[in-house]
Amino acid sequence: MTMTDNHITAGSALPGDDPFTIAGRSYTSRLLLGTSRYPNPRLMIDAVEASGAELLTVSIRRLNLGDQGAGSILGYIDRAKYDLLPNTAGCYTAREAVLTAQLAREALETDMIKVEVIGDEDTLLPDVEQLLKACQDLVKAGFQVLPYCNDDLITCLKLQEMGCAAVMPLASPIGSGMGIRNPYNLQIIRERITIPMIIDAGIGTASDAARAMELGADGVLLNTAVAGAHHPVEMARAMRMAIEGGRLAHRAGRIPTRLYATASSPTEGMVGR
Amino acid sequence: MQLRLNGQPIETLCPTIRELLLDRGIDPEQRGIAVAVNDEVILRAMWGEHPLGEGDDVELITAMQGG
């Protein structure tokens with residue numbers, strides 16, 4: 001199978017930073033952007049452009065037999081500029097997810113797959129048992145597997161052990177915009193695994209994305225926060241800046257928090273004392 | 001013969017996937033589509049050869065918006 005050439009410029013958005021490398025491909029941007037729920041395709045493309053993202057998620061769905069152009073996204077995305085990350089959204093079993101991944105690889109000529117196996121339609125939380133099974137099968141079948149998973153260390157360790165290209169723990173439920181509900185879990189996962197950790201799902205606004213990067217995330221995957229904003233293009237730019245800011249702060253090393261004040265001006269040579 | 005295409009029952013005489021696509025006005029050379037028959041992906045190179053049979057379940061997919 002011919003894979004898409006790696007046409008993305010290697011290097012980092014920030015001087016001195018390492019490039020963001022995932023599944024053997026290097027990206028300048030640490031933002032992965034979804035292509036769903038924008039008011040129209042023009043705004044989607046403009047938001048993608050403003051975000052700086054080079055890796056875009058897409059879903060795999062039945063071709064509309066009545067109107068073949070309907071719904072397909074490939075006509076809007078310049079594949080010389082962007083890599084596609086197909087997902088298995090909507091799958092409830094490992095078997096469905098594996099078949100969807102195989103169809104995605106055949107249709108899009110990429111071995112990367114975002115594996116989602118959902119366990120409950122109201123929360124869209126992952127079914128861990130089925131997720132692990134799907135990922136195991138897909139790693140064996142030669143895929144570069146990026147699993148959407150719980151913010152659970154043990155699940156992430158198992159996914160790493162079986163050979164996934166990254167782990168993508170949620171910040172909070174998909175589309176909820178609630179931001180990072182459990183920063184300590186994410187911090188522990190980042191400290192204990194060696195593969196990239198991408199925060200996927202739940203980001204609501206730019207500060208959430210900055211926080212994810214400050215916690216040590218290697219990247220952030222988001223969709224609704226941009227697509228559903230009043231001004232998607234401006235929010236896309238805000239996310240780009242937040243992710244760069246958060247990454248820079250992480251690398252700079254923040255000061256420890258203290259309960260009491262520490263004067264920042266000199267305490268010697270005070271007037272009148 | 002009767003088979004299912006994307007969940008819809010259809011009546012067809014097309015012996016292969018390639019002919020079925022052409023019959024439905026779908027260009028089999030276009031990029032970005034894939035086919036599974038009875039939950040098994042059929043590689044593009046086999047579309048002209050893989051025989052369709054009575055009761056087959058054919059799924060024809062493409063990439064849509066996704067998060």
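The values are calculated or read from the model by the stated rules, or taken from the named source; none is laboratory data. Owing to the predicted nature of the structure, the values given are computational and were not obtained by experimental measurement. We place every Cβ from the backbone using ideal geometry, glycine too, and count neighbours over all the protein chains shown. Accessible surface is based on the protein model in full, side chains and every heavy atom, while ligands, DNA and RNA are left aside. Shrake-Rupley method; radii C 1.70, N 1.55, O 1.52, S 1.80 Å.
The number of residues in the range A:40-58 being more than 13 Å from every other protein chain (Cβ to nearest Cβ) and open to solvent by 10 Å² or more (accessible area, probe 1.4 Å) comes to 6.
When each of B:E19, B:E59, B:E54 is tested for being out of contact with any Lys or Arg (no Cβ under 9 Å at 6 or more places or on another chain), acidic (D, E) and not in a loop (DSSP other than H, G, I, E, B), the lone residue that passes is B:E19. Can you say whether B:Q8 is in contact with a Pro (Cβ under 9 Å, 6 or more places away or on another chain) and either exposed (fewer than 13 other Cβ atoms within 10 Å of the Cβ) or among the β-branched types (V, I, T) (or both), as far as the supplied structure shows? When the stated conditions are applied, B:Q8 does not pass them. Might you check whether a residue that is β-branched (V, I, T), touching a strand residue (DSSP E or B) at 6+ places or on another chain (Cβ under 8 Å) and modelled with pLDDT of 95 or more occurs anywhere in the range A:158-167? Yes, the range A:158-167 contains at least one residue that is β-branched (V, I, T), touching a strand residue (DSSP E or B) at 6+ places or on another chain (Cβ under 8 Å) and modelled with pLDDT of 95 or more. Screening B:R44, B:R24, B:R31 for residues that are touching a Leu at 6+ places or on another chain (Cβ under 7 Å), farther than 22 Å from A:E116 by Cα and at the interface with chain A (Cβ under 8 Å from one of its Cβ atoms) leaves exactly one candidate, B:R24. Restricted to helices (runs of 4 or more DSSP H) entirely inside the range A:157-273, those with at least 1 residues that are polar (S, T, N, Q) and either more than 14 Å from the chain's Cα centre (by Cα) or exposed (fewer than 14 other Cβ atoms within 10 Å of the Cβ) (or both) are A:183-192, A:206-214. Of all residues in the range B:47-67, those that are more than 7 Å from chain A (Cβ to nearest Cβ) have Cβ atoms under 8 Å from Cβ atoms of residues that are basic (K, R) and not in a strand (DSSP E or B), 6 or more apart or on another chain, in B:W47/B:R18; B:G48/B:R18. Answer yes if at least one residue in the range B:52-65 is of a type outside the set (D, E, K, R), open to solvent by 80 Å² or more (accessible area, probe 1.4 Å) and at pLDDT 95 or above, and no otherwise. Scanning the range B:52-65 turns up no residue that is of a type outside the set (D, E, K, R), open to solvent by 80 Å² or more (accessible area, probe 1.4 Å) and at pLDDT 95 or above. Of all the numbered requirements in (1) on the phi > 0 side of the Ramachandran plot; (2) more than 9 Å from every other protein chain (Cβ to nearest Cβ), A:R25 misses one, and that requirement is (1). Filtering A:R61, A:R95, A:R37 for residues that are basic (K, R), within 9 Å of another protein chain (Cβ to nearest Cβ), surrounded by fewer than 22 Cβ atoms within 10 Å (Cβ to Cβ) and part of a loop (DSSP other than H, G, I, E, B) leaves a single hit, A:R37. Scanning the range A:12-34 for residues that are of a type in the set (A, V, I, L, M, F, W, C) and either over 18 Å from the mean Cα position of the chain (by Cα) or part of a loop (DSSP other than H, G, I, E, B) (or both) yields a count of 3.
Every condition in (1) within 12 Å of another protein chain (Cβ to nearest Cβ); (2) buried (at least 18 other Cβ atoms within 10 Å of the Cβ) is met by A:V117 except one, and the failing one is (1). Scanning the range A:93-143 for residues that are more than 22 Å from B:I42 (Cα to Cα) and of a type in the set (G, A, S) gives a single hit, A:G119. As a summary of the residue check, B:D39 satisfies the conditions (1) facing chain A (nearest Cβ under 9 Å); (2) surrounded by 15 or more Cβ atoms within 10 Å (Cβ to Cβ); (3) touching a residue at least 12 places away in the same chain (Cβ under 8 Å) except for the one numbered (2).
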